[in-house]
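Input: a single structure, listed below in structure tokens.
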Amino acid sequence: MVEKILNDAIRSAGGKRKFNDRFNQSFNNYEFIESHREELLREYNGEWIAVYNSTVIAHDKKYNVLICRIEENGYHMEDTTLKFITDKESTTLY
């Protein structure tokens, strides 16, 4: 069952190489967010951010507006990492 789910994910991503590329990009984006947390808090506290290649490409207080900005800027949702930036304790769901 797990193998089928993984194979379906790899196939839907465009193959193993594309899957690995997206996984690595996502990992690097999360690393960027964590390593720049204080700076991001100062600039975007209380907002959603979209990160692409370790760069904030869009931000907004409203999630749906952020999605529109990502698409308006020519990016694809599956290539970006979204995170709500807050100084309050929160839980991230994957």
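FYI, it's all coordinate maths here, none of it is from the lab. Note that the coordinates shown come from a computational prediction; the quantities given were computed from them, not determined experimentally. Glycine also receives a Cβ, built like all others from the backbone with ideal geometry; neighbour counts cover every protein chain displayed.
Of all residues in region 14-30, count the ones that are in a helix (DSSP H, G or I) and loosely packed, with under 12 Cβ neighbours inside 10 Å.
Summing the residues that are in a helix (DSSP H, G or I) and loosely packed, with under 12 Cβ neighbours inside 10 Å in region 14-30 gives 4.
Taking Ala50, is it touching a helix residue (DSSP H, G or I) at 6+ places or on another chain (Cβ under 6 Å) and either without any contact (Cβ under 8 Å) to a residue 60 or more places away in the chain or outside any strand (DSSP E or B) (or both)? Write out each step before concluding.
On the way: touching a helix residue (DSSP H, G or I) at 6+ places or on another chain (Cβ under 6 Å): yes; either without any contact (Cβ under 8 Å) to a residue 60 or more places away in the chain or outside any strand (DSSP E or B) (or both): yes.
The answer is yes for Ala50.
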key: Members of region 14-28 found to be closer than 12 Å to Glu78 by Cβ and in contact (Cβ under 8 Å) with a residue 24 or more places away in the chain, listed by number   = Arg22, Gln25, Ser26
task = Exactly one condition in (1) surrounded by 13 or more Cβ atoms within 10 Å (Cβ to Cβ); (2) in a loop (DSSP other than H, G, I, E, B); (3) not small (Gly, Ala, Ser) is not met by Ile67; state its number.
result = (2)
message = Out of everything in region 70-94 that is out of contact with any Phe, Trp or Tyr (no Cβ under 6 Å at 6 or more places or on another chain), part of a loop (DSSP other than H, G, I, E, B) and touching a residue at least 40 places away in the same chain (Cβ under 8 Å), what residue ends up being farthest from Gln25 (Cα to Cα)?
response = Asp87
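Against the condition more than 29 Å from Glu89 (Cβ to Cβ) and in contact with a Lys or Arg (Cβ under 8 Å, 6 or more places away or on another chain), how does Ile10 come out, does it pass? Let's see the steps before the verdict.
Working: more than 29 Å from Glu89 (Cβ to Cβ): yes; in contact with a Lys or Arg (Cβ under 8 Å, 6 or more places away or on another chain): yes.
Judged against the criteria, Ile10 is a match.
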